[in-house]
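What follows draws every value from the coordinates through simple rules; no lab data is involved. Just so it is clear, the model here is predicted, and its values are computed rather than measured. Positions of Cβ are backbone-derived with ideal geometry, glycine not excepted, and every protein chain shown enters the neighbour counts.
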Amino acid sequence: MLFNAFSNPRLGKWIIPGTGLVWFLGCFLLLKQYEVGTEIALTDSFLSGLIFLGGVFVLDRVFGLFAPKGKNLWLLFAVPFFLSLMGTLVHSYGLTWWYAYEDDYLDFLSASFYLRWAILALAEQLVALLALVVSKLERQEETQKREAQMLQLSKDAELAQLRQQLQPHFLFNSLNSINALVVSQPQKAREMVLQLSEFLRGTIRKDSQSWITLEEELNYLKMYLDIERVRFGHRLGVEFLVEKELNSIKLPQLLIQPLVENAIKHGLYGMTGDVKIEVSGKKEGNYFILEVKNPFDPESTAPEGTGFGLSSVERRLFLLFGRTDLLESGPDEGYFRVRLKIPQFQ
Amino acid sequence: MIRTIIIDDEPLAAGIVQEFLAEFSQFQVLEVCQDGFQGLKAIQQHKPDLIFLDVQMPKITGFEMLELLDEPPAVIFTTAFDQYALKAFDAKAMDYLLKPFSQARFKQAIDRFLESRMEGKESERPNADLHHFAEKSNRLVVRVKNDIKIISVQDVNFFEAEDDYVTIHTAGGKFLKKMTMKTLEESLDAGKFARVHRSYIINLNGITGIEPYERDTYLVKLKGGEKLPVSKTGYARLRQVLGL
């Protein structure tokens, strides 16, 4: 529709009445130049303006909704042609009937019939083309919008999926631990059921896109670690080195837990004996920096398929920030270190 | 008395096996081990009839531990990983318990073990040749006297067949492992290793030259200075992989 041609919708409303007014004024001035009386000139141009307005309205409707193609292309020319012919006829007969006794004017009217038709036809032809172009652009814009929406949807879905990819390994082993505790230590079994439930609830949180505070994320992490400690007992030790002031910092959900899970996997499965994991956080400029360190034996090659945790975090960071330089990892003096940078916006 | 050993890195998981096993008076648990290293020592020391084995454990997996045993005992795998089931049955495991498992399911596994013991089915014993069907592996676990060494595949210069064993030649020394060339070949990345001869698989990275030897045969020179024979089919394979 033509009223969409302006990006400002308030201006768009005036586009059709505006063209009518311009048409009316143009006609009036022309008629005055041909020395037609003011009253007759006003009536003539008013009717002419109305007819033009009607034509614009019809053409806008027709070509705004229907784009002739191929075999139907002739309609693009035929419709304005006949519409303008009808308009000129109505105009001519109407005024002939109204001013039946103004001979001079009637002569002028009949003499100018073809000229009027030609001008109207040309103008309506242009309007028809314009309506077609505008509707094409509109449709294109809509497709683009839909595509962008679809992209956003698939992005959301992927994010949700990555976030929820809780390790079935972890889940089943935890259930096995509960199974073992039920008879010997029922109180502890119950505790673990609750911890596991809280943990699972965290991974399926609905408002998955919202950021949470570091304090919440660390609490969640501690819950996860409590479960892991039940499983591995004294072998697993974790130390947190995060300043209290940073507790209110915001970050995307569940970014830290996979890193710690990764550290546990490499720490506990890569080494025999006790394992201590260090989690530290600090602020550097506009970034919150989080580091996870686990002891690591450079001699032992990790079994295949253990890199999933890190690559999933990397993918999420890319989807969230469009950057690939936010996660670094590598061996560092007997430790394996993962460094996560989260941009902080004011 | 049926002598058993439990190998699991999670104390609670080992505990539940003990608890369920206590129902059967003829079983005796000799030792509970927390990783494959301890497990290997305990098995060599006690020669148990049956072991309960977790797969994912520190340092080496349950499968890798089994590969190191010359005469592996009957095995019941206990693990949370479904994806290992196929491999476990390929390893001719007695049974495969998915954690968490019920007491009834556990009893089933024990019954199966007792049945096969009555019938004396030797074939139900785990096969040391676990690499058959094995997925691509990036490491090899070998036994050096009483120690265990993990070798990264990329550090291997070449493999040499010796009867039932394969000698693994690395810059850091030679290691012997019980396995066949065929299964070894299947477990290696075909883009990095090539079997150039009935008895040799070489690391393509280590090739420094190829020279003609006798009619239709060649010699391949390696970084370490070794010259290994290349058979006619081996040469064709080598040409294909290297794009000559």
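Over all distinct Cα-Cα pairs of chain A, the Kirkwood formula returns a hydrodynamic radius of 27.0 Å. Under a 5 Å amide H cut-off, with hydrogens placed 1.01 Å from N, A:Gln253 pairs with A:Ile212 among residues at least 5 apart or on other chains. Within chain A, the longest run free of GluC sites (Glu not before Pro) that sit in a DSSP loop with at most 15 other Cβ atoms within 10 Å is A:36-242. Per residue, the convex hull around the alpha carbon atoms of the stretch A:185-343 comes to 130 Å³. Neighbour counts of C-beta atoms inside 10 Å place A:Tyr287, A:Tyr269 in the sequence A:Tyr287, A:Tyr269, starting with the fewest.
Working note: Karplus 6.51/-1.76/1.60 with θ = phi - 60° gives the stretch B:26-32 the couplings 7, 9, 10, 8, 7, 7, 10 Hz, where Gly and Pro are set to x.
Please label the shape of the protein assembly as shown as rounded, prolate or oblate, based on the square roots a ≥ b ≥ c of the eigenvalues of the alpha-carbon gyration tensor (a/c under 1.5 means rounded; beyond that, a/b larger than b/c means prolate, else oblate). It comes out prolate by the Cα gyration axes.
Label point 7 Å out from A:Glu142 along Cα-to-Cβ: which residues of the stretch A:60-88 have amide N under 11 Å? Under 11 Å, as judged by backbone N against the label point of A:Glu142, lie A:65-66 of the stretch A:60-88. Loop-located trypsin sites (Lys or Arg not before Pro) in the stretch A:42-147 (DSSP state other than H, G, I, E, B) with a sparse environment of at most 11 neighbouring Cβ atoms within 10 Å: A:Lys69.
The mean number of Cβ atoms from other chains found within 10 Å of a Cβ in peptide A:170-183 is 6, as a whole number.
Sequence-ordered 3J(HN,Hα) estimates for the stretch A:219-225 from the Karplus curve with 6.51, -1.76 and 1.60 and θ = phi - 60° stand at 4, 4, 5, 5, 5, 4, 5 Hz, glycine and proline given as x. Using a simple spin-label model with pseudo-atoms 7 Å out from Cα toward Cβ, B:Lys232 and A:Asp332 lie 5.9 nm apart.
The GluC sites (Glu not before Pro) of the stretch B:1-83 that DSSP puts in a loop, and whose beta carbon has at most 15 other beta carbons within 10 Å, are B:Glu23.
One Cα centroid belongs to the stretch B:1-47, the other to the stretch A:258-282; the line between them spans 27 Å. Annotation: amide H-H contacts under 5 Å for B:Ile2 (H modelled 1.01 Å from N, sequence separation of 5 or more, or interchain): B:Phe27, B:Gln28. What's the longest bit of chain B with no exposed chymotrypsin sites (Phe, Trp or Tyr not before Pro), using DSSP loop states and at most 16 other Cβ atoms within 10 Å as the test? Result, exposed sites excluded: B:25-132. Taking amide hydrogens as placed 1.01 Å from N in the peptide plane, the amide H of B:Ala194 sits under 5 Å from those of B:Ile202, B:Leu204, each at least 5 positions away in sequence or on another chain.
Helical runs assigned H by DSSP (4 residues or longer) give the protein assembly as shown a calculated mean residue ellipticity at 222 nm of -16000 deg cm²/dmol, each run adding -39500 (n - 2.57) before division by the residue total.
Per residue, the average separation of C-alpha pairs within less than 8 Å and at least 6 apart gives chain A a relative contact order of 11 percent. Taking every alpha-carbon pair in the stretch B:151-242 and binning the separations at 5 Å intervals from zero gives 3, 14, 27, 28, 18, 8, 1, 0 percent. About the centre of its Cα atoms, chain B shows a dipole size close to 920 debye [charges on the beta carbon of Lys, Arg (+1) and Asp, Glu (-1) only; nearest 20 debye].
Along the stretch A:61-73 the Karplus relation, 6.51 cos²θ - 1.76 cosθ + 1.60 evaluated at θ = phi - 60°, assigns HN-Hα couplings of 4, 5, 8, x, 9, 10, 9, x, 9, x, 5, 8, 4 Hz to successive residues, with x for each Gly and Pro. Dimensions of chain B along the principal axes, based on C-alpha atoms and rounded to the nearest Å, stand at 68, 31, 28, largest first.
Short-range pairs are left out: with C-alpha atoms under 8 Å and at least six residues apart, the relative contact order of chain B is 12 percent. The angle between the Cα long axis of helix B:103-119 and the longest principal axis of the Cα atoms of chain B comes to about 70 degrees, rounded to the nearest 10. Specify which residue in the list A:Phe288, A:Phe108, A:Phe28 is farthest towards the positive end of the charge dipole of the protein assembly as shown, using unit charges on the beta carbon of Lys, Arg (+1) and Asp, Glu (-1), about the Cα centre. Going by the charge dipole, the pick is A:Phe288. The residues B:Asp216, B:Asp95, when put in order of fewest to most other Cβ atoms within 10 Å, stand as B:Asp216, B:Asp95.
Distance distribution P(r), the stretch A:2-147, all Cα-Cα pairs, bin width 5 angstrom from 0: 2, 10, 17, 20, 16, 13, 9, 7, 4, 2, 1, 0, 0 percent.
Please give the charge dipole size of the stretch B:2-124, origin at the Cα centre, charges +1 on K and R Cβ atoms and -1 on D and E Cβ atoms. Round to the nearest 20 debye. Computed charge dipole of the stretch B:2-124: roughly 120 debye.
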